[in-house]
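Input: one structure, supplied below.
Readers should treat all values here as calculations from the given coordinates under stated rules, not as data from a laboratory. Keep in mind the model is a prediction, meaning the values are calculated, not measured. Every residue, glycine as well, gets a Cβ built from its backbone with ideal geometry; the counts of neighbours run over all protein chains shown.
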Amino acid sequence: MSGKSNEKLEDLYSPAAIIFTGKAKRSESGRLVAVRRMRQLSGPNLASGAELDAIEVQIAGTDVAIATYTYRFHSHRMGKDGSREQRNTLFGRSTQIFQRDDGGTLRIVHEHLSSAVPPKVEKEQTSGA
Amino acid sequence: MEHIGKEEIRAVVQTFWNLFTAKSKSEFDQFYSPVATVFAADARRSEPARLMLVRRARELFGPGSAVGAKLATIDVQLLRSDLAIASYAFHFSVTRNLPGGKRVRVEVPFGRATQVFQRDERGILRIIHEHMSSAEPVSPQELPGA
């Protein structure tokens, strides 16, 4: 997610995963969201980072677990109008539900990200433009 | 034990909201497993459901409170014969009295819910985790004459 891994973000998700992103009004397909995130966050001059608090895990039987935690997420990304913006999510909240697939790999089948306080978004000054 | 079905989960979610808006506290509380955890819509941390239920009863189930909800399509993911996830958008509205005496109305037009249901040893579906949020910031509106 912070763009520092060569692994594909979408591979963490089950093909049938459903996601509520931070501000979407409807749920979406997990893999579509993962591809979009990588495009938004892994371009040149773009960066992001996350700090996680303690992760609580509820085991729900032999093959399912629910991870819940709060986090802070900081990103420099392209806004909808093409300008660079800095986005700081200071009170992020995450629920991720993992299930072991037929091959034994844990994959996210459902994710709900939200923020208790709206993220701070600031336009960045471009130099020499 | 009977396998969970999608329509069964949709019916349970509808019952959950019917009891919520009717302020049927004792029946409503039974929806949650004793070990359930929740992210309430405006909370900065997750918490045990039993704490949320005490607060919800105090703030929303009193005689001066009114709660309304309208649900969009409920997606159901069946994970196992005894485990399922319901996720949906909803419009939520509440009118209530604040401790200082003010009366406020809160509209949440873009609420989002994730509820994980597990059938317990008695065959009853209970919520083991819940995450409620709003896609847009909401602010209470003070009502006149309060």
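So what is Rg over Rh here for chain B, counting just Cα atoms and using Kirkwood for Rh?
On the way: Rg = 15.7 Å, Rh = 16.0 Å.
That ratio equals 0.98.
Next question. When the Karplus curve 6.51 cos²θ - 1.76 cosθ + 1.60 is applied with θ = phi - 60°, which whole-Hz ³J(HN,Hα) does each residue of the stretch B:13-20 get, with x for Gly and Pro?
Coupling constants for the stretch B:13-20: 4, 5, 5, 3, 6, 4, 5, 4 Hz.
Can you list residues whose amide H is under 5 Å from B:Arg126's amide H, if they're 5+ apart or on another chain and H is modeled 1.01 Å from N?
For B:Arg126, the qualifying residues are B:Gln118, B:Arg119, B:Asp120.
Any idea which of A:Gln58, A:Gly92, A:Pro118 is furthest toward the positive side of the dipole for the stretch A:9-122, if Lys and Arg beta-carbons carry +1 and Asp and Glu beta-carbons -1?
Working it through, the farthest residue towards the positive pole turns out to be A:Pro118.
Now for a different question. Angle between the Cα long axis of helix A:30-41 and the longest principal axis of chain A, 0 to 90 degrees, nearest 10?
Helix A:30-41 and the main axis of chain A meet at about 30 degrees.
Skipping prolines and chain starts, which residues have an amide H placed within reach, meaning under 5 Å, of the one on A:Phe91, given they are 5 or more residues away or on another chain?
Residues meeting the criterion, in which the H sits 1.01 Å from N, are A:Ala116, A:Val117.
Rounded if a/c is under 1.5, else prolate if a/b beats b/c, else oblate: with a ≥ b ≥ c from the C-alpha gyration tensor eigenvalues square-rooted, which is the protein assembly as shown? Could you put the intermediate results ahead of the total?
Working: a/c = 2.19, a/b = 1.20, b/c = 1.83.
Oblate shape, in that a/c is at least 1.5 and b/c is the bigger or equal ratio.
Of A:Glu124, A:Glu111, B:Glu107, A:Glu51, how do they rank once you tally other Cβ atoms within 10 Å and put the fewest first?
Working: A:Glu124 13, A:Glu111 25, B:Glu107 16, A:Glu51 10.
Result, fewest neighbours first: A:Glu51, A:Glu124, B:Glu107, A:Glu111.
Counting only helical runs of four or more DSSP H residues, what would the 222 nm mean residue ellipticity of chain A come to if each run contributes -39,500 (n - 2.57) and the total is spread over all its residues?
Numbers: 1 runs with 12 residues, N = 129.
It comes out at -3000 deg cm²/dmol, rounded to the nearest 500.
Once phi is turned into ³J(HN,Hα) by the Karplus curve 6.51 cos²θ - 1.76 cosθ + 1.60 with θ = phi - 60°, what whole-Hz value does each residue of the stretch A:74-84 show in order, with x for glycine and proline?
Going residue by residue, I get 10, 9, 10, 8, 8, x, 4, 8, x, 7, 7 Hz, with x marking Gly and Pro.
What order do you get for A:Leu46, B:Leu98, B:Leu79 when you list them from fewest to most C-beta neighbours inside 10 Å?
Numbers: A:Leu46 15, B:Leu98 12, B:Leu79 20.
So the ranking, lowest neighbour count to highest, is B:Leu98, A:Leu46, B:Leu79.
Still on this model: Residue farthest toward the positive end of the dipole of the protein assembly as shown, with Cβ of Lys/Arg at +1 and Asp/Glu at -1: which of B:Phe117, B:Phe61, B:Phe31?
Working it through, the farthest residue towards the positive pole turns out to be B:Phe61.
Quote the charge dipole size of the protein assembly as shown about the Cα centre in Debye, to the nearest 20; the model charges only the Cβ of Lys and Arg (+1) and of Asp and Glu (-1). Don't skip to the end; give the middle numbers.
Working: 39 positive and 31 negative charges, 176 e Å.
In debye, rounded to 20, the protein assembly as shown gives about 840.
Could you give me the ³J(HN,Hα) list for the stretch A:100-112, computed from phi with Karplus coefficients 6.51, -1.76, 1.60 and θ = phi - 60°, whole Hz, x at Gly and Pro?
Here the 3J(HN,Hα) series is 6, 8, 4, x, x, 8, 6, 10, 6, 9, 7, 9, 9 Hz.
Amide H of A:Asp101: which non-local residues (sequence gap of 5 or more, or other chain) have their own amide H closer than 5 Å, using H built in the peptide plane?
Result for A:Asp101 returns A:Leu106, A:Arg107.
Let me ask you something else. How do A:Thr95, A:Thr62, B:Thr95, A:Thr68 line up, fewest other C-beta atoms within 10 Å first?
Working: A:Thr95 25, A:Thr62 8, B:Thr95 18, A:Thr68 22.
With the fewest neighbours first, A:Thr95, A:Thr62, B:Thr95, A:Thr68 line up as A:Thr62, B:Thr95, A:Thr68, A:Thr95.
As a check on your grasp of the helix formula, calculate [θ] at 222 nm for chain B: sum -39500 (n - 2.57) over DSSP H runs of n ≥ 4, divide by the residue count, round to the nearest 500. Please list the in-between numbers first.
Working: 3 runs with 34 residues, N = 146.
Mean residue ellipticity, 222 nm, calculated: -7000 deg cm²/dmol.
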